[in-house]
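Chemist: Provided herewith is a single structure, encoded as structure tokens, for subsequent inquiry.
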Amino acid sequence: MAKPNKKGPQTTVAVFCAKCATQLFKYRKGGKGALVKCFKERIVEDFTLAPCFCPNCDTQFARDTLIRGTPAYKMIGGKVYAK
């Protein structure tokens, strides 16, 4: 399978915790669909202290995984939203 483009799209979205509305990171997202996964190399700014956990309410919002051989966060449904 093909790896994702490292440079990726130019549009950035802010990713927030659904429970406490704390900003988790800024991400270069392509397409119009829902935020299902975040490739680590496309994260512009990371506001989390521990990976996959909200720094404010300590809720786990994703799982650390490999997608197409590239490190990524697989989002847990309903735990995050993007603007």
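Chemist: Could you please let me know if LYS29 is crowded, with 16+ Cβ neighbours inside 10 Å, at pLDDT below 95 and touching a helix residue (DSSP H, G or I) at 6+ places or on another chain (Cβ under 9 Å)?
Modeler: yes
Chemist: So, LEU24, is that one out of contact with any helix residue (DSSP H, G or I) (no Cβ under 8 Å at 6 or more places or on another chain) and within 15 Å of TYR81 (Cβ to Cβ) or not?
Modeler: It is true that LEU24 is out of contact with any helix residue (DSSP H, G or I) (no Cβ under 8 Å at 6 or more places or on another chain) and within 15 Å of TYR81 (Cβ to Cβ).
Chemist: Take the conditions among the aromatic types (Phe, Trp, Tyr) and in contact (Cβ under 8 Å) with a residue 60 or more places away in the chain and apply them to TYR27. Does it pass?
Modeler: Judged against the criteria, TYR27 is not a match.
Chemist: Considering region 1-42 alone, what residues qualify as being aliphatic (A, V, I, L, M), touching a Phe, Trp or Tyr at 6+ places or on another chain (Cβ under 7 Å) and assigned to a loop (DSSP other than H, G, I, E, B)?
Modeler: The one that is aliphatic (A, V, I, L, M), touching a Phe, Trp or Tyr at 6+ places or on another chain (Cβ under 7 Å) and assigned to a loop (DSSP other than H, G, I, E, B): ALA18.
Chemist: Looking only at region 6-16, decide whether some residue is touching an Asp or Glu at 6+ places or on another chain (Cβ under 9 Å), loosely packed, with under 13 Cβ neighbours inside 10 Å and among the small types (Gly, Ala, Ser).
Modeler: no
Chemist: Has region 65-76 got at least one residue that is outside any strand (DSSP E or B), out of contact with any His (no Cβ under 8 Å at 6 or more places or on another chain) and modelled with pLDDT of 95 or more?
Modeler: Checked region 65-76: at least one residue is outside any strand (DSSP E or B), out of contact with any His (no Cβ under 8 Å at 6 or more places or on another chain) and modelled with pLDDT of 95 or more.
Chemist: Moving on to the next point. Can you pull out every residue in region 36-83 that is over 15 Å from THR22 (Cα atoms), surrounded by fewer than 14 Cβ atoms within 10 Å (Cβ to Cβ) and more than 9 Å from the chain's Cα centre (by Cα)?
Modeler: VAL44, ARG63, ASP64, THR65, LEU66, ARG68, GLY69, PRO71, GLY77
The values are calculated or read from the model by the stated rules, or taken from the named source; none is laboratory data. Please read all numbers here as calculations on a predicted model, not as lab measurements. Here Cβ is always computed from backbone atoms with ideal geometry, including for glycine, and neighbour counts include all displayed protein chains.
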